[in-house]
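The values are calculated or read from the model by the stated rules, or taken from the named source; none is laboratory data. Being a predicted model, the structure only gives us computed values, none of them experimental. All Cβ positions, even for glycine, are placed from backbone atoms using ideal geometry, and neighbour counts span all protein chains on display. To get the accessible areas, we keep the full protein, side chains included, count just its heavy atoms, and leave off ligands, DNA and RNA. Shrake-Rupley method; radii C 1.70, N 1.55, O 1.52, S 1.80 Å.
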Amino acid sequence: MKNIDFFGLHIQFFLDHGFEINQNYMLFQKRFPIGSQVIFVHHHEDSRGTCLEYNFGIRIHQVEELIHEFLPTLSGFSERSITLVQSQDKISKNVPRSFIIHGEEDLTDMLHRGEEFLLSDGIPWLDKMIDPLNLEIAFFERKSNFFKTHNFVYNAFRATALSKLFNPKDYPYLRQLFLEHIEEKQMTPFTIASFLKFLDYLDNLD
């Protein structure tokens, strides 16, 4: 099923629900006043068949523009970076990591299951996360998992920025937590210096 255009099969569904098509980055996008919602449709082949997966992202413009003033960034990356991305199984415990399509006879049924999930769980989660306070809480609740990911540095910057900007009562705790772990992980001197400079900026932000 390598030749099936899964992205194209979803276009009408997302247009009907207010999303725009971003052909440059192969994603569906809906803008809101302080950011944007994005949904990625991925598929790959393995021994089970074709694996169809949805990933959900929220971008808060203020957070992304702020952190990339202190992080080394490729040209244009700060304009398209995503504040938080979640896989479908993190959105709902009722769906697997992937929808498995065994052959073309399964295609219509699996697309229907995928769209049902998008309507019942995926899009409502995105709508909840347009409130940056809910997004900050999601970061706060996931803090222990951040220490295991390759995006740890970005998570540290984003979590502290979100807390300072939208839920200041969490900021002192997260500030200290991420600072300790950045030092424990023996990050490069440049990374540590960048984070210290960033924290100094946040500390003095009214």
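All C-alpha pair distances within region 132-204, sorted into 5 Å bins from zero, spread as 3, 17, 32, 25, 17, 5, 0 percent across the bins. Under a straight-distance cross-link criterion of Cα-Cα below 18 Å, which aspartates and glutamates are reachable from LYS90, leaving out those fewer than 8 residues away in the same chain? The reachable aspartates and glutamates, counting only those whose Cα sits under 18 Å from LYS90, are GLU53, GLU115, GLU116, ASP121, ASP127, GLU136, GLU141. Here's how it looks for THR83: its modeled amide H is under 5 Å from those of ILE58, ARG59, ILE60, which are all 5 or more places away or on a different chain. By the equivalent-ellipsoid construction on the alpha carbon gyration tensor, region 8-130 comes out with semi-axes of 28, 16, 14 Å, ordered largest to smallest. Eigenvalues of the alpha-carbon gyration tensor of the chain, scaled by 5 and square-rooted, set the equivalent ellipsoid semi-axes at 34, 18, 16 angstrom, largest first.
For region 4-46, would you read off the P(r) tail past 16 Å as a percentage of all alpha carbon pairs? Everything past 16 Å amounts to 36 percent. Efficiency by 1/(1 + (r/R0)^6): what FRET value for GLU45 and LYS185, r their Cβ-Cβ distance, R0 = 35 Å, to the nearest 0.05? For R0 = 35 Å, the calculated efficiency reads 0.50.
For the peptides 121-129, 106-114, 35-43, 183-191, the ranking by mean Cβ contacts within 10 Å, running from highest to lowest, is 35-43, 121-129, 106-114, 183-191. Of TYR154, TYR173, the residue with the largest accessible area leads and the full order is TYR173, TYR154 (1.4 Å probe).
Using helices alone, I'd like the mean residue ellipticity at 222 nm for the chain: each DSSP H run of four-plus residues gives -39500 (n - 2.57), total over residue count, nearest 500. Present the calculation step by step, with values, prior to reporting the outcome.
Working: 10 runs with 101 residues, N = 206.
Value at 222 nm, helices only: -14500 deg cm²/dmol.
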